[in-house]
Amino acid sequence: MGVFSAIVVFMMIWAMVFLIGLQIGQDTQGDRGSVTHGTHASTPAKPIGVYRRIGWATAITFVLWAPLVWFIVSGQLTIDDLRRLTGREVVGG
């Protein structure tokens with residue numbers, strides 16, 4: 001796996017973790033029953049702390065990404081293995 005591929009995998013995992021993390025602990029104005037005039041009921045009732053969530057998403061992503069990259073780089077998982085697992089024909093073998 002090249003450096004660019006590793007960065008792409010990191011960013012994909014980070015995006016999933018971040019979007020899931022945005023939903024955790026979300027308290028909306030509709031949940032509290034006090035919707036401010038001019039806003040939607042699904043508007044957060046208090047600031048969600050985006051920078052804190054970005055930090056958590058980055059930390060969790062690194063914990064998931066590092067073993068995954070090691071597993072791929074070590075040769076434990078190859079493209080041929082993935083093709084066999086999904087029932088596809090192994091090319092050239």
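The values are calculated or read from the model by the stated rules, or taken from the named source; none is laboratory data. On a predicted model such as this, the values are computed, not experimentally measured, just so you know. FYI the Cβ positions are ideal-geometry reconstructions off the backbone, even for glycines, and counts take in every protein chain you see.
Descriptive notes on the structure:
- Thr43 meets each of the listed conditions (1) out of contact with any helix residue (DSSP H, G or I) (no Cβ under 6 Å at 6 or more places or on another chain); (2) free of Cβ contacts under 8 Å to residues at least 24 places away in the same chain; (3) hydroxyl-bearing (Ser, Thr, Tyr) apart from (1).
- The range 26-51: number of residues that are small (Gly, Ala, Ser) and at pLDDT below 80: 1
- In the condition set (1) modelled with pLDDT of 90 or more; (2) surrounded by fewer than 13 Cβ atoms within 10 Å (Cβ to Cβ), Leu64 is compliant with all but (2).
- Of residues in the range 19-49 being among the aliphatic types (A, V, I, L, M) and either within 19 Å of Ser5 (Cα to Cα) or surrounded by 11 or more Cβ atoms within 10 Å (Cβ to Cβ) (or both), the one farthest from the chain's Cα centre (by Cα): Val35
- The conditions of being on the phi > 0 side of the Ramachandran plot and out of contact with any Phe, Trp or Tyr (no Cβ under 9 Å at 6 or more places or on another chain) are not met by Gly2.
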